[in-house]
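The structure appears below as C-alpha cells.
Just so you know, all these numbers are worked out from the coordinates, no wet-lab data involved. Please read these numbers as outputs of a predicted model, since none were measured by experiment.
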Amino acid sequence: MKAIFFDCNDQLAPVWKRVARPDDPPIDVNLTPFAREDLPRVIRGYNIAIDDHSYMPTELVAQCPELKHIVFLGTGPRSYMDVDAIEARGIKVHIIKGYGDTAVAEHSIALMVSAARDVARMDREVRRGTWTPHEGVQLTGKTLGVIGLGGIGREVARIGAGMGMNVIGWNRTKHPEIKVPLVEIDELLARADVVSMNLTLGDETRGFLSRERIGKMKPGVIYVNTARGALADEAALIDALKRGPIRHAGLDVFHEEPLKPDHPLAQLENVTLTAHAAFRTLEASMTLLRRSIDIVKRIVS
C-alpha cells in the first residue's frame, strides 16, 4: 500500500527524520504547500494519507478512489473533515490520543496566566511605545473549572492545583481515574474564576458552551480553550468579551483556521491568541509522528 504524509511542513520535517526507522514502510513526504482544491492531485494514487490538520472536504476525498485510510495527527479530525461521510465511503479515519497531554495542558496554563496578567496586551503596548502597567488577577486561591477531564483536562487540573487553585470539574462520564471534585455544569460556570475547555469535539459537544451557558458564567471569568473552537458559540463568546461576563479569553483554537487578521476576535484587546500550537513541543511531536508511522506500519502489515 502506498502512503503519503501530504501536508508536512518545515517544522515537522526534521522531527519526521528523527523518528523514522530503516524498517518502516516507505512513506512519501510532501513539503510543498498546495491550495485546498488541489488535495486530490496531491493524494491521488495513495492508499494511506497522513494529515496534519489540513481540511479534507468529502467531495475532494471522493476524487481519490484508491484512498482507504486517513491518519489524522491528533484527536480532533471532525474539525477538518466529515468523518462519518468519509468512513461511509469505506475510508477509515485513525486518530492518535495521549501524545501531548502535558504539552497541551501546559499551554492552557500559559494562556491562563497570560490572560490573568494581560501579558500579551502589555507586550503589544510596550512595543508600540506605550507604558501602561495593567492590574492583573492573582490565581492562587481562585477556582479553576475544568470542562472535560480526559488526559489533558486531568493534567490542567493537576497543574492548577499545584499553583494553589481550587479545582472543580465537569465530565460527560465518571471514571475512577478522575480525582477532581465533579459538579454540574451550571454550578461550575457560576463558581469558576477560570474556565478551561478540554472537551473533545463531536455531535454532542459542538456548541456546548452556548449563549445561555456563557450567560451563567461568573462575572470577570477568564476563559481558556485549547480544545476546539466549535465547542463554544463564537458570536456569544465575542459578545461576552465585549460586554461581560468574560474578562479575558486565551484561545488556541478557532471555528476556522487560520484565524484571519480582520476577525472580531483578533480585534479585541482582552483576547490572547495562539496559532493552534498547544501540542507543538518537540517531545509531543516526536511521539505523535512516531505513532503515525506505527499506524501505517500496522495497516501495511
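General observations
- Relative contact order of the chain: 18 percent, from C-alpha pairs under 8 Å at least 6 residues apart in sequence.
- Reported to the nearest whole Å, the Cα centre-to-centre distance from the stretch 181-199 to the stretch 150-175 is 10.
- Helices in the chain, meaning DSSP H runs of at least 4 residues, each add -39500 (n - 2.57). Divided by all residues, the mean residue ellipticity at 222 nm is -9500 deg cm²/dmol.
- For residue 68, a cut-off of 26 angstrom between C-alpha atoms picks up these lysines, skipping any fewer than 8 places away in its own chain: 2, 17, 92, 97, 297.
- Considering only alpha-carbon pairs that sit under 8 angstrom and 6 or more positions apart, the relative contact order computed for the stretch 101-273 is 21 percent.
- Taking the chain as a Gaussian network of alpha-carbon nodes connected by springs under 10 Å, the highest mean-square fluctuation of the residues 122, 165, 197 belongs to 122.
- Remark: for residue pairs 142/174; 218/260; 218/242, the C-alpha separation exceeds 22 Å in 142/174; 218/260.
- You can think of it this way: the chain between residue 257 and residue 269 has 2.3 nm of extra reach, that is 0.36 nm per residue less the Cα-Cα gap.
- Cα gyration tensor shape of the stretch 1-157, rounded if a/c is under 1.5, else prolate or oblate by comparing a/b with b/c: prolate
- Highest-MSF residue in the chain out of 129, 141, 229 [GNM, Cα springs under 10 Å]: 129
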